[in-house]
Each structure stands twice: as C-alpha cells, then as structure tokens.
1. Quick check on packing: order 235-248, 308-321 by the mean number of other C-beta atoms within 10 Å, highest mean leading.
2. Could you put CYS70, CYS307 in order, starting from the residue whose Cβ has the fewest other Cβ atoms within 10 Å?
3. Identify all aspartates and glutamates with a Cα-Cα distance to LYS391 below 13 Å; exclude those on the same chain that are fewer than 8 residues away in sequence.
4. Roughly what % antiparallel, to the nearest 5, for the DSSP beta bridges in the chain?
5. So between ASP205 and ARG79, what do we pick up on full extension, going 0.36 nm a residue minus the alpha carbon distance?
6. If I model a spin label at LYS303 and ARG67 as a point 7 Å from the Cα along the Cα→Cβ vector, what separation in nanometres do I get?
7. Could you grab the relative contact order for the chain? Cα pairs under 8 Å, six or more apart, rounded to a whole percent.
8. With each pseudo-label sitting 7 Å past Cα toward Cβ, what's the ALA42-ARG266 distance in nm, one decimal?
Amino acid sequence: MPFEREIAEHARRREKALAMGSKRKLEEFAAAGLLNARQRIAFLLDEGSFQEVGLFAVSERPEDRDRSPCDGVVTGYGRIDGREVGVVAYDFTTLGASSAPVASLKFQHVRKTTIARGIPMVILGEAGGARIPDVMGARGIARTRSHQVYDRRRQTPWVTAILGQSYGSPSWKAAMSDFVLMRKGAVLAVSSPKVTAVAISEEVDPEDLGGWRLRTEVTGEVDQAYATDQEVLLAIRRFLSYMPSNANEPPPRAPVPPGSGEGMERILEIVPEQRERVYDVRRVIDVIVDRDSFFPIKERFAKVLTCGLARIDGRTVGIIASNPIFKGGALDPQACRKATSFVVLCDSFNIPLVFLTDTPGFLVGVEGERLGLAGHIMNFNHALEMATVPKLAVIMRKSYGQAYINMGGTADEIAAWYSADVSFMDPAAAVNVLHGVRRQTDPERFEALRSELARDTSAYDLAAGFLAQDVIDPRETRAWLIRMLAVHESRASGGVGRHYMATWPYNF
C-alpha cells in the first residue's frame, strides 16, 4: 500500500493524542462521575460537529514531548444549535493542564479566529496554573507576555466554565468572560492552595480560597453554579441561545411558547397593594416574559436586584428588577456592581433592557459608605447613560430618591402602574426627617403630615408632566412591553448598538 508507513505513523500519533494524559487521572475522573476534557466537548457541541486544531501539538521542551499530548489543552471549532463556536478545553490529565507556550499559542489561535469570523468562544477551565519549568527565570516569565493578550473588546460572546481545580490561566479567562459558570466542588483562584499556603505561611482550605459559594455569593465573579458537568454544559448552550454570534448582529428570535402571557391576570395577586408587604419579583417576571424563558444571572449575589435574560414575544431582553423580598428592594453597592456588569453585557450584544422597579432607594449606612456606595451608584448611572440599546421601564409600586434615576428613570419609554408612587423618599420617612414625628407617639399628627407629603406622588402626577409616557393596568405590562419593543427595534441600524462600553473593565 502506498504511504503504508506514513499511514501507520499518523494513526499511532493520532491515537496517542486522543488518549490524552495520565491513565490514572482519567480513571479518577470516571470514578468520580466527572467528564474529561474530550467528553465535555462532545457533550457540549452538536453531535459530530467538532473540528479539532492542534491535535498533534506537544510541549516545546524535549523532555516533555512524549508526555504532553496537545500540550494539555484541546482546541477547535464546533456547533451549538447549528451555530459555530470556538472551544478551548483544558485537559487536567496532561501535566495538570499547566500553562505553557504551545498551549497558549493554541488558545490565541482560537481567540483570533473567533473574533475575525464573528463566533462565540467557550472555555472549559481546569488547570493547575503555570508550568513551572517553562516560566522560571527572567526570560521565562518575560516570555509569557509574548503569547498572552489581555485586552477584550467584546466582539463576540465569551463563556468560561470552571469544572475543576482552576488556577492562573482559567482565572484570567473567567474574569475576561461575559458569562461564568462553575461546577460545585470546583475551585477558582489566582493561585493554588499550595502556592498560597507558602505565600502566607498557613494552610488554606480550597473552598475558602475559591469555592462556588464564595464566587457566586460573596464576590459575584461566577454567574451560575451547578452540581454536575452536564448541567453546566447545558447551561452554556442555553445562555448562547439568547446571544447573537457577535456584536454586529441582533440576538436571534425564538418561537413564542404556547401559554405565554396567560398568567398576567394573576399579577394583581402576586404584588400586594400595601407597600409595606413584600413579594418575590421573580414571580412577576415569570408571568410577564415568554413561558419558561427567564435565565437568571448572578442569582445568588446581591439578591436585592434580580437580573437575567428572557424573551418577550420571542425577542431576547435583559431584565433588571428590584426584589422587595430581600432588604425591601433597597439597592446596595453589590447590587450596583451587579447591575452595571449586566448593562455592559446587554449593551455589548444588542439586548434591550427592561426595568421593573419597586425600590425604597439606596441602602444607606456605614457599611455602604465603607464599600464606596456613591462610586458604585455613579458607575451604574454611567453605564446606563452610555448604553445605546432600547431601555424600557415599568414602575410597579414605588421608586424613591436617586434610585429612581438608576432604575429606569431615564429610559426611552416609562410606564407606571396605577399603583406607582414616586418621590424623593417614602412620605412616612419624610415625616420623621422633616418634623421628627413618629407614628407610634403621635399617630393623628403623623398621618396628617404624611398625607401632606404624599401629595403629587402618584403615577398620574408623573404622567401629567410627561415624565412617564403611560399609566397602565399591571395586567397590561406584557402587552405594553411587546409593543414598545417593536417600536424601538432599530431597523436603521439592523438592531445593532454603538457599543460604547465594549472595553469596560472586566467582570466588574
């Protein structure tokens, strides 16, 4: 047979590369019910669509070439729901997926291709950090800059999933990404517990260093966490279904599921008439948007604000809603950070913003000041002013103080429920501030003063000055949003914004 020796050699090298690294580590993955790098790619992508690049790459160090298939990272292209994506999957079974020059060149190749061709990039992170022999010494560390690029202009969506012990490179990729997921039990940190323990001279628990609870609830750097690899990978597919392939096209339209909007009659039961009573705004969102379409972002972080992607009449929208069940819906510095990063995401990828407002204002106090509340409020406002996607706002019960501006007060279209109340502050609080009178000590005078200060705060007063474009029955909310989204769908620009925040600082 012609080329018989070459065919045999090609098959041998291909088989070795596909077999990945340590057999023992592969067995450990299987025993723990975890997917390895190649299994993750196969589960994520449409069947048979993966086209690998760099299969025959190995370490540039002669002593490591026989034990570094793909140099510890599997790279290539595939499809998700028929749309092309670039994929980078760290292979922990090969030298702990430690970062080295050849692996970095493979990442940069996929990065450049996804930007040039306008397709999303998905990074499946699990790595032990830098490969020590490659980066030691002055030349070693200086050389890392030659194959790393840290500027991000949000030309295409980036998604990073943290699926194991992830230090160094996956941490940088996660910080640069638009959407970050984590498998519970994985760890995301700058350096490993071993390196950290040496640096601070004490033992470090990996969960305390970078476990899923820290990253989803305290720092907010991870958007969602799931129990299994499979759940994480399915969530990636779902996230990308809301997104355009790149910043130069609008998000895809989807069929409207049967039954969407049928719950609007229940909205009067979900939202209590008395402003002192709380409720979960997620129940309001569920009846307004297309059936089962709400996809929360950073749900465990800054719970006073609910953010997420959804569809209304098949159109992708970004929801920003104050949630009275947590802290009465009062916004804190973390909520401002959450909102700001979400506005950047939506504006970068041409997703209209919908505000659902029921807030008593900002949660002022010593803790907020220590966290720089004023700066976070202004960052949130700055992002809103720079956003060029359509902004629609619905004021449900109350909107007080500076938070009125942040929560949709400058939207392109504002509708107020007939139950809305808008002012500098709650009239009851104003009585205490202005007159020093409390309901408990002098109820009759308190109520008289409260009534006086509550004048001219209704939805109709707002609409009278054309500071709201409509006053609506709460049951009309979905219909109003559908109509306004159609009006503000920019045919002149093809639904593409100006992207002033494409280079906004990473994550927060």
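1. Taking the mean over residues of other Cβ atoms within 10 Å, the ranking is 308-321, 235-248.
2. Arranged by neighbour count, lowest to highest, CYS70, CYS307 become CYS307, CYS70.
3. In chain and number order, the partners are ASP347, ASP412, GLU413, GLU489.
4. For the chain, the DSSP antiparallel bridge percentage is about 35.
5. My answer for the length gained is 41.5 nm.
6. Label-label distance for LYS303 and ARG67, simple model: 4.8 nm.
7. Averaging sequence separation for qualifying contacts and normalising by length gives 10 percent for the chain.
8. 4.2 nm
Every number here is computed from the coordinates shown, using simple stated rules; none is lab data. Quick caveat, the model's predicted, so the values are computed rather than measured. So basically every Cβ, Gly included, is an ideal-geometry build from the backbone, and we count neighbours across all protein chains shown.
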